[in-house]
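Here is the structure we will look at, set down as structure tokens.
Where a number appears in this text, it was derived from the coordinates with a stated rule and is not lab data. In this text the structure is predicted, and so the values were computed from the model without any measurement. Reconstructed Cβ throughout: ideal geometry from the backbone, glycine too, with neighbour counts over all protein chains shown.
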Amino acid sequence: MSEHTVPADLSGHMLDLDEDEDLEVFSKSTSLADGSSMPNSPSSMVNQYRLEEDDEEQQNGNTKDIFITVDNPESHVTAIETFIMYRVLTKTTRSEFDSCEYEVHRRYQDFLWLRSKLEENYPTLIIHPLPEKFVMKGMVERFSNDFIETRRKALHRFLNKISEHPILSYNQHFKVFLTAQELAPHRKQSAGFLSRMGETVRAVANSVRGLSSRPEEFTLMQEYLENFSNKICSVNKVTQRVIKEQREYLDELKQYSPTYVQWAGLEGELAEPLKDVASCVERCSKETEEQIQHLSQVLLPILHEYVLCGETLKAVMRRRDNIQAEFEAKNETLASKKADKEAMQVEVDGLADRVEMANNALKGDWSHWQNSMRTDLKSAFISTAEKNVEYYEKCLAVWELFLLSQRVEPRKELDEEDVS
Amino acid sequence: MSEDGREELVGTDDDSENMAVDGSLNNTMVEEGCTLLGRMEICVAEAEKRSGKNAVNMQETFTVYLIETRPMDAVADGRNPAPDSLWRRYSEFELLRNYLIVTYPYIVVPPLPEKRAEFVWHKLSADNMDPDFVERRRVGLENFLLRVASHPVLSNDKILYHFLTEEQGWKEVVYETGFQAKADSWLRALSATFRVRNPDKRFMEMKQYSDELQSHASQLLRARAKVADRLYGVYKVHGNYGRVFSEWSAIEREMGDGLQSAGHHMDAYAASIDDILEEEEHYADQLKEYLFYAEALRAVCRKHELTQFELEMASQDLISKKQQREELATGIVRTFSFKGMTNKLFGQEAPEQREARLKLLEELIVEGEEAVKEKTVECEEHVERAWVDMQRFKEQKDKDLREALINFAVMQISMCKKGIQVWSNAKECFLKM
């Protein structure tokens, strides 16, 4: 797949964007808003953006001490099933790690396990979503190359998001995921399923009961989330629609250029310009094809991830509400209880602490997530705009070349002054 | 400069230079100043809607076009006289063209813009009353007049001159020429199938070419319309980005401004396709003109087939009459004839009868010889004149279509530049997110 060589000198390198090698950033001399000229490579370009972000992010970026890549999807066939194994490569200078380099192999299920453990441990932290299990809608088959590649990129982004996160990054399960040669023994130890069941039951009970009062900031957050979810879904749909229309346009374009060639077969003088136009149209078709590829592989996956994020966030809000609801329920019971208040008080206090911790965790993570979202979407949109500029520039060159070739031979036009 | 005495000259001084020895027009020596367009500025300036009663006394709405003319020398002198003008509707242009086709069957007569919008990329513009369609038709009609008025042969036609200068009574004058009868027989001949023994090979090749030109040009125009339709879809869908970004920007703090302004550029992008495709219609019209020209070219070839066929028939007829005469004179029957059979069965006829029949035959033979001579001349003249005009047409076509292709490239370049502009602007906005 990609020959990922993580450089020894890590300073100034941005994480994430696996798409770097897929992006052909067309470097013309455009300038940023502040007048400085545009740098040429994607990674240095993104560094430029980093300067605009707040200090917190900058610190993280400059002191990155762990690098993870997901690559090398390989098909594994057993008696029962066929699945894909991905190679997860970790390079780190962290002291908690015994070695500075790890290579393990993980399948999609393993990623699911990791995420659910993280959710369990941190119910009100915003954990990046995983790519979906199976895409029903699109024309993607489970083991098609496009599907595998899209999934691989998403898994890569997932792990990098986790590693960027100030809290999640140091989680024990995360470390195990990155380092253990065999994950199975660790997976068996977790009682994840049962605890999730318990949580669901409690959640249902609490939602029936209702929340007495949600702190305003969380209400605002909820409102924002509803709208954000809505909008990001729309942007996603619009993008899907754009891709569809582009594909149909491409189909017609492919039928168009042969008509010029056919006509050329009839003609004498006119044959050459007709054939030239045909080849121009063909070249533009190829550029259109590339543009569609870019949209599908760069913009759409990111939009899709943030649609999933919307769902993740809603779940986080629900869990926070549940924690508060549980506390309130117990608190009420305490108030109406006659005897044995002391023991219950301890429990209630514990729940109160839990509420406070959950709220703080969410508050802290919220701004982290918002920045991350902004960076990701901004970069995806910019990349799309650049690709479109590149597309039009290439087509422009094609037609200008044609014009040049026509003007070089004015020939007979000079002899004939008029129509008759 | 009168052609077969059929048309009157409009009035020019340079005629004598262009008169060939036999009095026919020497096409190749016509200079620009000699054609009507050289003496008169012509344009189709406006279009207007009118209402009126039609032939079956029903109310109808139609469009009329204003034809303006000005004498060229007045313009050249710097005087700026008001133009003479009159109104004509499409059906009158059709009448003029039909007259020209019938009267000059050896000329590839310039076509009119299409009667109904075909090869439409967007359902709206199929409407004949659509202002864009009317505008393009106005341009097409002007183009028609310019082509006809600058044609070395057609430009001298009196009916054409009247069309341009006298609004009232023009139709009656046209019908008075009696062209309608010719038109009917011409139409019948065109659609008939007849076998020509010795057609001019060049004309057969030209006919083949005109058929293929029609076919390929149609295919190209159809494909172009589909492409335009799809491109329209792509651009318009981007308008949705504009709407969603605008709504989204309302809930965002830092990203708000960038999103909002990017959204405006997406709207601009979506809106830009209307002008782009409208301009491309002109390119399509240029191609359509030659699609329709192909039919005119074909008609000239068919006329050749017809005259050649008539010549062959006349020659055939003459030969058979001569044979009959020979048989009658010598008594030797070479070919089967009813008369011959009855002679055998019922005996020879009386000498007086034979004399009478011989005399009749002689007259018929003289007539037949005249006919053959006429037809030969007609055929040869048609071939000669048509070949000249077909050459002229070919050069015109190559030049015009090459220009059209260049125009197409220029349009593509303009579209690309607009695209670069919009997306560069959008990128700037995204950078501010």
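Among the trypsin sites (Lys or Arg not before Pro) in the stretch B:206-284, which ones are in a DSSP loop with at most 14 other Cβ atoms within 10 Å of the Cβ? Mind listing them?
B:Arg253
Can you work out ³J(HN,Hα) from phi for every residue in the stretch A:240-254, in order, using Karplus 6.51 cos²θ - 1.76 cosθ + 1.60 and θ = phi - 60°, giving whole Hz and x for Gly and Pro?
Residue by residue, the stretch A:240-254 yields 4, 5, 4, 4, 4, 5, 4, 5, 5, 4, 4, 4, 5, 4, 5 Hz.
Please compute, for peptide A:261-269, the average count of beta-carbon atoms on other protein chains lying within 10 Å of each residue's beta-carbon.
5
So, how do all the Cα-to-Cα distances of the stretch B:258-299 break down into 5 Å bins, in percent, from 0 on up?
Histogram of Cα-Cα distances, whole percents per bin: 6, 19, 13, 12, 10, 10, 8, 7, 6, 5, 3, 2, 0.
Sequence neighbours fewer than 8 away in the same chain don't count; with that in mind, list the lysines whose C-alpha is under 20 Å from B:Lys397.
A:Lys275, A:Lys412, B:Lys207, B:Lys288
Tabulate in residue order the Karplus-calculated ³J(HN,Hα) for the stretch A:354-368, using 6.51 cos²θ - 1.76 cosθ + 1.60 with θ = phi - 60°, rounded to whole Hz; enter x for Gly and Pro.
Values, residue by residue: 4, 4, 4, 4, 4, 4, 5, 4, 5, 4, x, 6, 4, 5, 4 Hz.
What does the average come to when, for each residue of peptide B:415-423, you count the partner chain Cβ atoms lying within 10 Å of its Cβ?
For peptide B:415-423, the averaged partner shielding equals 6.
Average partner chain C-beta neighbours within 10 Å, per residue of B:148-159?
Per residue, the number of nearby Cβ atoms from other chains is 1 on average.
Scan around B:Glu46 for amide H atoms under 5 Å from its own, H built in the peptide plane at 1.01 Å from N, and keep only partners 5 or more places away or cross-chain.
HN-HN under 5 Å from B:Glu46: B:Leu66.
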